Amino acid sequence: NEQPGSAGILIFFRWYLLKNLIENNLINNYDRFIITRSDFIYQLPHPKLEYMDEKYIWFPNEEYYGGFTDRHVVLNKNNIIPYLNIFNNMCLRSNEYYIKMKTFSEWNLERLILFNLKQNNVFNLIKEFPYIMFSVRNKNGSTRWEKGKYSNELGYYIKYEREYIKSSNYKNLFDNSGLTIDEFYKNYIK
């Protein structure tokens, strides 16, 4: 039951990032990590990390698909391994994962992220912040999943309409709020 897209590649990239963080002893050199897409346009500045309690795992509040988005996450040095170790757990805990996963057939990366966080006992650390970004590609850019819709106004393809609408709603909410960006995030980061 093959699913189109790049979930397998993204699981590998998470393993490869974790491998390099560990091999180069980088985890303890940083307090916070942001793992994100390179094709995002931000409609508002990214929230300051000081507004995001560092003990939590922070996801934008959209693009769930039955779990948590694979497109962006803010982590600390204590929870980066439980977030990134999906492939490790699938190999090292293969029997356990197989038994727990075999009765469900609708797996995607978002559901796998949620499942893995639960298996690593960090599900209780999940918090959310406003989804203020959207994915794009240029006219000649390739994509593995959603081709997107070309915007003459913006000059590029908006890959996911729902993501664009959600981020636009937050931009409009901010623009009409009369608040500074810091006040806005203090009100909307939960």
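The values are calculated or read from the model by the stated rules, or taken from the named source; none is laboratory data. Here the structure is a predicted model, which means the values were calculated and not measured. In this analysis, Cβ positions are derived from the backbone assuming ideal geometry, glycine residues included, and neighbour counts consider all displayed protein chains. Side chains included, ligands, DNA and RNA excluded: accessible areas come from the protein's heavy atoms. Shrake-Rupley method; radii C 1.70, N 1.55, O 1.52, S 1.80 Å.
Tabulated data
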quantity	calculated
Search result, residues across segment 119-135 that are under 28 Å from K186 (Cα atoms) and open to solvent by 10 Å² or more (accessible area, probe 1.4 Å)	N121, V122, F123, N124, L125, I126, K127, E128
Sole residue being modelled with pLDDT under 95 and touching a strand residue (DSSP E or B) at 6+ places or on another chain (Cβ under 6 Å), chosen from N138, N108, N89, N79	N138
Test: Y97 is without any contact (Cβ under 8 Å) to a residue 12 or more places away in the chain and surrounded by 12 or more Cβ atoms within 10 Å (Cβ to Cβ)	no
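Let's see how each residue does on (1) over 19 Å from the mean Cα position of the chain (by Cα); (2) closer than 21 Å to P60 by Cα; (3) at pLDDT 90 or above; (4) of a type outside the set (D, E):
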| residue | (1), (2), (3), (4) |
| --- | --- |
| Y156 | yes, no, no, yes |
| Y164 | no, yes, yes, yes |
| Y170 | no, yes, yes, yes |
| G178 | yes, no, yes, yes |
| K186 | yes, yes, yes, yes |
| K190 | no, yes, no, yes |
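Residues checked against (1) among the acidic types (D, E); (2) within 17 Å of the chain's Cα centre (by Cα); (3) under 18 Å from Y185 (Cβ atoms):
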{"position": "F12", "(1), (2), (3)": "no, yes, no"}
{"position": "L17", "(1), (2), (3)": "no, yes, no"}
{"position": "D39", "(1), (2), (3)": "yes, yes, no"}
{"position": "Y51", "(1), (2), (3)": "no, no, yes"}
{"position": "E62", "(1), (2), (3)": "yes, yes, yes"}
{"position": "F68", "(1), (2), (3)": "no, yes, no"}
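Every residue, every condition in (1) open to solvent by less than 30 Å² (accessible area, probe 1.4 Å); (2) part of a loop (DSSP other than H, G, I, E, B), yes or no:
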residue: N20; (1), (2): no, no
residue: I34; (1), (2): no, no
residue: S38; (1), (2): no, yes
residue: Y65; (1), (2): no, yes
residue: L75; (1), (2): yes, no
residue: N78; (1), (2): no, yes
residue: N89; (1), (2): yes, no
residue: F104; (1), (2): no, yes
